[in-house]
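Worksheet: one structure, shown below.
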Amino acid sequence: GKDVADQQLGCLWAGDYTLSVSFSGSINYLDFNSNSVTRILKGHQRSIETMDAASNKIYTSSFDGRCAKYDAETGDVEYFTGAVHKNKVLDTKISGDQFVSVDIENKIMRTSLLTCDMGSNTSSVPAQVGSFGVHADTGIEVYTCQKELIMFKNGVKVCSKELNFNAKACAIAPSGTVLAVGSADANVLYIYDIDGSNIIQRQERETSGVLTELAFSPDGGFLVGASSARAPLLLDVNNHFNPVNHCWSAQSKSLTCSFSPDSRLFAIAGIDSNILICEPGSPMKAAIKIISAHPLGIINRVRWLNSNTLVSTGSDMQVRQFTVSA
């Protein structure tokens with residue numbers, strides 16, 4: 001290549017190949033017998049900030065704004081192209097056939113999962129986004145923008161609701177009619193109804209810590225929250241969002257949580273580099289613990305590839321998969 005990123009920084013012999021490292025961080029396999037590059041290993045060179053998984057693909061974004069698609073079976077990586085993010089990506093979600101992302105410059109991008117070509121469908125919000133939730137069937141996206149909730153429908157802004165608190169974590173229920181929002185300043189969870197193009201507060205509930213991420217179970221029965229407290233938040237949605245007493249506890253602040261597709265398990269992880277896998281239907285059953293899942297850094301995201309495979313990413317720039325038997 002002719003770009004600065006194609007500059008070669010070093011090389012070594014490895015059996016029948018010579019390996020060279022590009023300025024971009026890619027590792028190239030050079031075969032002198034065929035006089036060609038037979039394989040290129042790609043990946044992130046900065047902390048992986050967000051991650052989502054769908055259809056045996058893993059979608060990631062890093063501190064420098066790079067977005068990538070991993071093949072879960074082969075490990076092959078494809079970078080997103082087009083008018084990509086130039087700075088840190090704050091949050092991403094998969095909504096139907098779109099990869100929705102928002103960066104630190106308040107720019108929203110909706111990118112086709114098929115082409116991974118960014119920049120053709122964009123929006124913006126007036127303040128930095130703490131998190132956002134999506135509902136694929138209705139095309140709804142709700143962004144927490146400090147003291148404001150902003151809702152888009154099919155890429156068009158339809159609602160802006162002012163708040164008396166700084167919002168952080170956010171999740172939309174599978175029904176598409178309930179929104180959960182966590183405060184960034186206090187141990188409080190707010191529940192809203194989504195009624196057409198309106199967001200109406202229904203109730204609020206105290207929590208044991210400041211919520212960092214929220215996730216509804218796919219069947220809509222539970223809401224789990226990662227937080228500054230050691231114990232994960234678990235609420236029974238069908239019982240007026242009352243808390244479920246359980247026996248699980250992390251060693252420090254948790255940053256991420258996710259339900260398995262069959263709603264049977266959820267995973268939670270964070271600063272202590274461990275992953276807890278819990279069964280909400282059996283709250284007194286001991287959690288499965290993956291100790292030092294990312295020993296070189298904190299865990300920023302956990303997501304389920306399927307009901308038995310968990311994926312995690314973190315500040316160590318690694319993407320890891322775990323087979324779960326419970």
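Observations on the structure shown:
- Unique residue being closer than 27 Å to residue 173 by Cα, open to solvent by less than 60 Å² (accessible area, probe 1.4 Å), basic (Lys, Arg) and modelled with pLDDT of 95 or more when the list is 264, 301: 301
- For region 97-119, the set of residues classified as open to solvent by 60 Å² or more (accessible area, probe 1.4 Å), touching a strand residue (DSSP E or B) at 6+ places or on another chain (Cβ under 7 Å) and part of a loop (DSSP other than H, G, I, E, B) consists of 97, 104, listed by residue number.
- Residue identified as at pLDDT below 95, under 23 Å from residue 50 (Cα atoms), open to solvent by 20 Å² or more (accessible area, probe 1.4 Å) and not aromatic (Phe, Trp, Tyr) among 137, 185: 185
- Subset tally (residues that are touching a residue at least 40 places away in the same chain (Cβ under 8 Å) and not in a loop (DSSP other than H, G, I, E, B)) for region 238-278: 15
- Among residues of region 12-38 that are open to solvent by 50 Å² or more (accessible area, probe 1.4 Å), those with a Cβ under 6 angstrom from a residue that is in a loop (DSSP other than H, G, I, E, B), sequence gap 6+ or separate chain, pair up as 23/7.
- Consider region 211-240 and keep the residues that are small (Gly, Ala, Ser) and under 24 Å from residue 274 (Cβ atoms). The one that is most open to solvent (accessible area, probe 1.4 Å) is 228.
- Against the conditions (1) at pLDDT below 95; (2) closer than 23 Å to residue 317 by Cβ; (3) not aromatic (Phe, Trp, Tyr), residue 81 satisfies every one except (1).
- Scanning region 189-210 for residues that are outside any strand (DSSP E or B), surrounded by fewer than 15 Cβ atoms within 10 Å (Cβ to Cβ) and touching a residue at least 12 places away in the same chain (Cβ under 8 Å) gives a single hit, 197.
The values are calculated or read from the model by the stated rules, or taken from the named source; none is laboratory data. The model shown is predicted, which means the values in this text are computed figures rather than measured ones. With ideal geometry, Cβ positions are generated from the backbone for all residues, glycine too; neighbour counts draw on all protein chains shown. Surface accessibility is based on the protein's heavy atoms, side chains included, excluding ligands, DNA and RNA. Shrake-Rupley method; radii C 1.70, N 1.55, O 1.52, S 1.80 Å.
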